Amino acid sequence: MTRELTPGRSSRPFMASAIGLAVASVSSYAVADKAPSSPLQLDNINVDAQAGGDYKTEHSASSKYATSLLDTPQTITVVPSQVIKEQQALSLRQVLSNVSGITFNAGEGGGGSGDSINIRGFSANSNIQIDGLRDSAQTNRTDTFNIEQVEVIKGPNSVFGGAGTTGGSINIISKQPQNQAFTRLGGSVGTDNYYRMTLDSNQPLEGVGQDSAFRINLMGHQNDVAGREQIDRERWGVAPSLRLGLSESTRLTLSAFHQVDDNLPDYGVPALDGKRLAGVNRDDYFGWRNLDKEEIEQSSLTANFEHDFNDNLRLQNLTRYSHIARDTTVSASHVNTTGVPPGRYRPAGPQGYGRDATTEMWINQTNLISNFNLLGMRHDLVSGIEVSRETLDLKTYGYGLSNALYPANGYDLSNPPGYWSGPANKATSGYTETELNNQALYVFDTIALHEQWDLNLGLRYDMFKGEAQGYDAARVRTSDFESSDEKLSGRAGLVYKPTENGRIYLAWGNSFNPSAESLASTGGGLSATTENLAPEKNQTWELGTKWELLDKRLELDAALFRVEKTNARETMADGSTQLAGKQRVQGVEVGVTGHITEQWDVFANYTFLDSETLKAADTAAGIAREGQALGNTPPRSLNLWTTYELPAGWTLGYGARYVSERNVTSSTSAKLDAYWLHNAMVAYRVNEDLDLQLNVNNLFNKDYVERVRQQNGTGARSSAIEYGDARSAILSATYAF
């Protein structure tokens, strides 16, 4: 199926009608006299979900963290719902742009495009969780309509998240039913054909058990990408959830999620050494609009069962089934400028390359949370078991585009055609089937050694098994690989409490990266040279401090850390793979979050990263990487978001992001330019029920590279860079009833 070139596809009016019908149906039971919403109760931990929420988060929403964030010996940054709302942040990437020390890679067609995230210099692609359950499918997480907050847990922590987590992990917290009735209808319009409608409605179910409630979130959205006018996005979603209070001590929450995306993928513009090629404009499109596509349909069902045996003992069981169907056709923006006249090019890299992937996952997690005294010391103990099965069915295909079909003198580099007018013969090239199974046992204990000293301990044992089969177009098996790993992970932290509002801690943790880690997300990782390799090993040391200031309205965090990967996988000169590399990232994190005054809020963080490849194998190309900084790992990054509440219902907001120069790759010194990015917001409360908000992003229309392929490129095949959005404006209205 080829993509239509006509502007405005027929599904857009349908989405608006669907949202309108949903609004009408939900409003029939909405309560007109809306009481202020109460904090969301999740895992017996309060997550603020009020319309006028707080920047400062007291607890993680995960049951694995038995103590407050203040008492947790680790750097954990929580982007709360209030910041997401004030920024109108729509994608996971936009939300994570509030956290320093995070960068984004560009997707590679061969490995499957999607969210590609680095934390502290190391990939976190397979280290994303939703409500504490692994969500590793390779996809673009494009919308936040059902997201309450996002937690970024930094540093190796396989003890909490399982395989991976070298630089850290990401836990996305979903919206859940609450105790108060409310309905919020949102609508937005903006530049670049931006249109959006949302509905968030919650209704307690009187007479149905104990504190039962139903909540539904709906979304319809479309926009073109600012500064990349040929790129369009379109999606809709629905997320209902039902909490049933079976008794005063027993609760069952059932949640469903369904979202459909229809996007034109953007692979940026050609570049050499991190710089756009001369003659290329930032808005030039080097794909084929009638071939390229990104169609995503994702669904999930989650059951959260909780039972309180008494005040000191609680059981939680989480079960989820998820299904993601993602059909993408991409054309790399790599170009070949050799053998053609100046200012001309031929496409290089995959063109019209298709991946039709279906990912399924079953996962169950059981936690037993207890509090007791033993030998005069208090213990907050969490023990659990986790079992998961992930599968990937992948079909690759293409349209037969090749050099023989391109014009002899190529295309105009400053005016790429964007539409394929030659023959397009769609044909399947192969199939991949993978399965990834994991069983884990874990235990965490926070021991109050003394009123001023806590000891945090954690252990997790994983049994990790992956299988991968490859088939040609005729379904004849061409490869069969299998990998099994068993690994014990640990974490220890000592917390000193000099005052009621201050903490000083020292922590150590480790993690492991098996070869099959990404098997069910991209289909890659296992080969004849990797299936029998032991996992990569990582460890971190962190010395930090956390302080609650200004009557506990403001929290100040700081940490020194060091992350080491001691046996990184290296491709040797003969093509084999060995655990021969060593990498290190050390640095400083500083963060400040909360209320400076009753009117002035701030959410800010700064990260300094000193990264280096300490040991690397000599590759066939003879590239020396030892002593080089890691690719796409900026030494300095800063993020700031602050708002000030003025009289008469007005609120002003300002945001800034700074990223310093950084290496394109870890093998050369070619740099990506540093940049500053500025955003602004003004909000006005018309009355108790109606709020207006104007956001202007990238105020000064800065051209900046947000995503990069970690390749320098050559004249025969350039690399590519992907720009962040140009200046845009969004006007939003929220009506509560």
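Considering only segment 626-655, how many residues are of a type in the set (A, V, I, L, M) and crowded, with 16+ Cβ neighbours inside 10 Å? Lay out the reasoning, then the answer.
Of all residues in segment 626-655, those of a type in the set (A, V, I, L, M) come to 629-630, 638, 640, 646, 648, 652.
Pick out the ones that are also crowded, with 16+ Cβ neighbours inside 10 Å and you get 629-630, 638, 640.
Of the residues in segment 626-655, 4 are of a type in the set (A, V, I, L, M) and crowded, with 16+ Cβ neighbours inside 10 Å.
Highlighted here are the strands (runs of 3 or more DSSP E) found entirely within segment 640-724 that include at least 1 residues which are of a type outside the set (A, V, I, L, M) and farther than 30 Å from Gly627 by Cβ: 650-659, 675-685, 690-697, 719-723. Among residues of segment 350-368 being of a type in the set (Ser, Thr, Tyr) and over 23 Å from the mean Cα position of the chain (by Cα), the one that is surrounded by the most Cβ atoms within 10 Å (Cβ to Cβ) is Tyr353. Of the residues Gly713, Gly655, the single one that is on the phi > 0 side of the Ramachandran plot and touching a Leu at 6+ places or on another chain (Cβ under 7 Å) is Gly713. Within segment 123-134, the set of residues being at pLDDT 90 or above and either crowded, with 24+ Cβ neighbours inside 10 Å or not in a strand (DSSP E or B) (or both) comprises Asp131, Gly132, Arg134. Could you please let me know if Glu688 is surrounded by fewer than 16 Cβ atoms within 10 Å (Cβ to Cβ) and touching a Pro at 6+ places or on another chain (Cβ under 8 Å)? So Glu688 fails the test. Selection of first residues in segment 627-656 that are of a type in the set (Lys, Arg) and of second residues that are crowded, with 20+ Cβ neighbours inside 10 Å, restricted to Cβ pairs under 8 Å at least 6 apart or on distinct chains, gives the following pairs, ordered by first then second residue: Arg636/Thr607; Arg636/Leu609; Arg636/Val659. Just to be sure, is Asp115 under 12 Å from the mean Cα position of the chain (by Cα) and acidic (Asp, Glu)? Spelling it out, Asp115 is indeed under 12 Å from the mean Cα position of the chain (by Cα) and acidic (Asp, Glu). Here Thr366, Thr358 are screened, and the one residue that is more than 23 Å from Gly523 (Cβ to Cβ), polar (S, T, N, Q) and assigned to a strand (DSSP E or B) is Thr366.
Residue pairs whose Cβ atoms lie under 7 Å apart, separated by 6 or more positions or on different chains, with the first residue in segment 321-335 and within 15 Å of Ala106 (Cβ to Cβ) and the second assigned to a loop (DSSP other than H, G, I, E, B) and of a type in the set (Asp, Glu), are Val330/Asp292; Ser331/Asp292.
Checking the structure you have, find out if any residue of segment 443-452 is among the charged types (D, E, K, R), more than 30 Å from Gln74 (Cβ to Cβ) and without any contact (Cβ under 8 Å) to a residue 60 or more places away in the chain. No, because not a single residue in segment 443-452 is among the charged types (D, E, K, R), more than 30 Å from Gln74 (Cβ to Cβ) and without any contact (Cβ under 8 Å) to a residue 60 or more places away in the chain.
To keep it simple, each residue is scored yes or no on (1) crowded, with 17+ Cβ neighbours inside 10 Å; (2) more than 28 Å from Leu264 (Cβ to Cβ); (3) of a type outside the set (D, E, K, R); (4) in contact with an Asp or Glu (Cβ under 7 Å, 6 or more places away or on another chain).
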residue: Leu405; (1), (2), (3), (4): no, no, yes, no
residue: Asp412; (1), (2), (3), (4): no, no, no, no
residue: Thr432; (1), (2), (3), (4): yes, no, yes, no
residue: Trp453; (1), (2), (3), (4): no, yes, yes, no
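Considering only residues in segment 538-572 that are free of Cβ contacts under 8 Å to residues at least 40 places away in the same chain and over 25 Å from the mean Cα position of the chain (by Cα), the one that is surrounded by the most Cβ atoms within 10 Å (Cβ to Cβ) turns out to be Asn567. In segment 75-110, of all residues being out of contact with any Phe, Trp or Tyr (no Cβ under 8 Å at 6 or more places or on another chain) and part of a loop (DSSP other than H, G, I, E, B), the one that is surrounded by the fewest Cβ atoms within 10 Å (Cβ to Cβ) corresponds to Ser91.
Looking only at segment 485-512, count every residue that is more than 30 Å from Asp454 (Cβ to Cβ) and touching a Pro at 6+ places or on another chain (Cβ under 9 Å) and tell me the total. I'd like the intermediate steps shown before the answer.
Restricting attention to segment 485-512, the residues satisfying the condition of being more than 30 Å from Asp454 (Cβ to Cβ) are 485-486.
With the extra rule that they be touching a Pro at 6+ places or on another chain (Cβ under 9 Å), the set shrinks to 485.
The number of residues fulfilling the criteria is 1.
If I filter segment 452-460 for residues that are closer than 20 Å to Gly164 by Cβ and among the aliphatic types (A, V, I, L, M), do I get at least one hit? Within segment 452-460 (the criterion being closer than 20 Å to Gly164 by Cβ and among the aliphatic types (A, V, I, L, M)), the answer is yes, since at least one residue qualifies. Test Ala492 against the criterion of being modelled with pLDDT of 95 or more, of a type outside the set (Phe, Trp, Tyr) and either farther than 30 Å from Leu70 by Cβ or out of contact with any Cys (no Cβ under 7 Å at 6 or more places or on another chain) (or both), and give yes or no. Judged against the criteria, Ala492 is a match.
Looking at this structure, is Ser511 closer than 27 Å to Ser322 by Cβ, touching a residue at least 12 places away in the same chain (Cβ under 8 Å) and not in a strand (DSSP E or B)? If you could, list the steps in order and put the result at the bottom.
Working: closer than 27 Å to Ser322 by Cβ: yes; touching a residue at least 12 places away in the same chain (Cβ under 8 Å): yes; not in a strand (DSSP E or B): no.
No; evaluated as a whole, the condition is false for this residue.
Residues that are hydroxyl-bearing (Ser, Thr, Tyr), assigned to a strand (DSSP E or B) and surrounded by fewer than 22 Cβ atoms within 10 Å (Cβ to Cβ) are absent from segment 326-349 altogether. For segment 173-192, state whether one or more residues are free of Cβ contacts under 8 Å to residues at least 60 places away in the same chain and either closer than 29 Å to Asp557 by Cα or not charged (D, E, K, R) (or both). The answer is no, given that none of the residues of segment 173-192 is free of Cβ contacts under 8 Å to residues at least 60 places away in the same chain and either closer than 29 Å to Asp557 by Cα or not charged (D, E, K, R) (or both).
Tell me which residues, restricted to segment 583-605, are of a type in the set (Ser, Thr, Tyr) and under 22 Å from the mean Cα position of the chain (by Cα). Break it down into steps so the answer makes sense when it comes.
Of the residues in segment 583-605, the ones of a type in the set (Ser, Thr, Tyr) are 593, 597.
The answer is Thr593, and nothing else.
In segment 697-734, the qualifying residues are those that are buried (at least 17 other Cβ atoms within 10 Å of the Cβ) and of a type in the set (Val, Ile, Thr), and the one that is farthest from the chain's Cα centre (by Cα) is Thr734.
The C-beta contact set for segment 663-677 (first residue surrounded by fewer than 18 Cβ atoms within 10 Å (Cβ to Cβ), second residue at pLDDT 95 or above and of a type in the set (Asp, Glu), distance under 8 angstrom, 6+ apart or interchain) comprises Lys671/Glu661; Asp673/Glu661; Ala674/Glu661.
The values are calculated or read from the model by the stated rules, or taken from the named source; none is laboratory data. Predicted, not measured: the structure shown is a model, and the values here were computed from it. FYI the Cβ positions are ideal-geometry reconstructions off the backbone, even for glycines, and counts take in every protein chain you see.
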